[in-house]
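Engineer: One structure follows; several queries about it will come next.
The values are calculated or read from the model by the stated rules, or taken from the named source; none is laboratory data. All values reported here derive from a predicted model rather than from experimental measurement. Cβ sites come from the backbone with ideal geometry, for glycine too, and all protein chains shown count toward neighbours. Keep in mind that these areas ignore ligands, DNA and RNA; they rest on the heavy atoms of the full protein, side chains included. Shrake-Rupley method; radii C 1.70, N 1.55, O 1.52, S 1.80 Å.
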Amino acid sequence: MAGGKAKKKKWSKGRTKDKANNAVIFDKLTFDKLFKEVPTYKLITPSVLVDRLKINGSLARVAVRDLAAKGLIKPIAVHKKQLIYTRATKEEESAAPAAAVEKKEKKSKKAAVQEDDEADDE
C-alpha cells in the first residue's frame, strides 16, 4: 500500500455574513430623503431602496407604491415578485396631453370629411 498515512482533511471555518441592521420604520431624515432623492434615481426597485436608505424590504415595497401613487415615479415592469420603476420626467407628462389633443384633431378631421361626403351625396 503506497502513500502511507494521509492527513485528515480539516474543515474551514464557515464565513458568517454581517447582519444588516436596517430600519423597520421611517425616521424623519429617511422619510425626507425618500421624497427628495429617490424620484431622481434612474432605476427604482425595493432592492435599491433597501441598499441606499438602509430600510427593510417590506418598508421599501410600501415606499415604492406610495411614490407611484403620488406620481413621482412611473412603472416599467410591475410583477408580484419584483417592482421596477423609473423617475417621472416633466417632458413625458406634458407630452401625454398633447398626444390626446392630436388624436382628437384627427378624429375631427375624419368627421369633417364624412360630413362633406354626406353633403355631396345629397
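Engineer: Could you say whether any residue in region 37-47 is out of contact with any His (no Cβ under 8 Å at 6 or more places or on another chain), surrounded by fewer than 10 Cβ atoms within 10 Å (Cβ to Cβ) and among the aliphatic types (A, V, I, L, M)?
Structural biologist: Within region 37-47, not a single residue is out of contact with any His (no Cβ under 8 Å at 6 or more places or on another chain), surrounded by fewer than 10 Cβ atoms within 10 Å (Cβ to Cβ) and among the aliphatic types (A, V, I, L, M).
Engineer: Would you check which residues across region 72-92 are of a type in the set (Ser, Thr, Tyr) and part of a strand (DSSP E or B) and list them? So that I can check it myself, show each step before the final result.
Structural biologist: Let us first name the residues in region 72-92 that are of a type in the set (Ser, Thr, Tyr), namely 85-86, 89.
Result: TYR85, THR86.
Engineer: Hey, another quick one. If the requirement is being closer than 21 Å to LYS90 by Cα and either open to solvent by 70 Å² or more (accessible area, probe 1.4 Å) or assigned to a helix (DSSP H, G or I) (or both), which of these qualifies: ASP51, ASP32, ASP66?
Structural biologist: On the way: ASP51 fails: closer than 21 Å to LYS90 by Cα; ASP32 fails: closer than 21 Å to LYS90 by Cα.
Residue meeting the stated conditions: ASP66.
One line per residue, one yes/no per condition, for (1) free of Cβ contacts under 8 Å to residues at least 40 places away in the same chain; (2) under 12 Å from ILE84 (Cα atoms); (3) touching a helix residue (DSSP H, G or I) at 6+ places or on another chain (Cβ under 7 Å):
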{"position": "THR30", "(1), (2), (3)": "yes, no, yes"}
{"position": "PRO39", "(1), (2), (3)": "no, no, yes"}
{"position": "ASP51", "(1), (2), (3)": "yes, no, no"}
{"position": "GLY57", "(1), (2), (3)": "yes, no, yes"}
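Engineer: Still on this model: Is there a residue being more than 18 Å from TYR85 (Cβ to Cβ), open to solvent by 80 Å² or more (accessible area, probe 1.4 Å) and assigned to a helix (DSSP H, G or I) anywhere in region 18-28?
Structural biologist: yes
Engineer: Looking at region 69-93 only, could you name the residues that are under 17 Å from PHE35 (Cα atoms), open to solvent by 60 Å² or more (accessible area, probe 1.4 Å), of a type outside the set (Lys, Arg) and under 9 Å from the mean Cα position of the chain (by Cα)?
Structural biologist: Selection gives PRO75 alone.
Engineer: Could you please let me know if LEU59 is in contact with an Asp or Glu (Cβ under 9 Å, 6 or more places away or on another chain) and either in a helix (DSSP H, G or I) or open to solvent by less than 60 Å² (accessible area, probe 1.4 Å) (or both)?
Structural biologist: On the way: in contact with an Asp or Glu (Cβ under 9 Å, 6 or more places away or on another chain): no; either in a helix (DSSP H, G or I) or open to solvent by less than 60 Å² (accessible area, probe 1.4 Å) (or both): yes.
In short, no.
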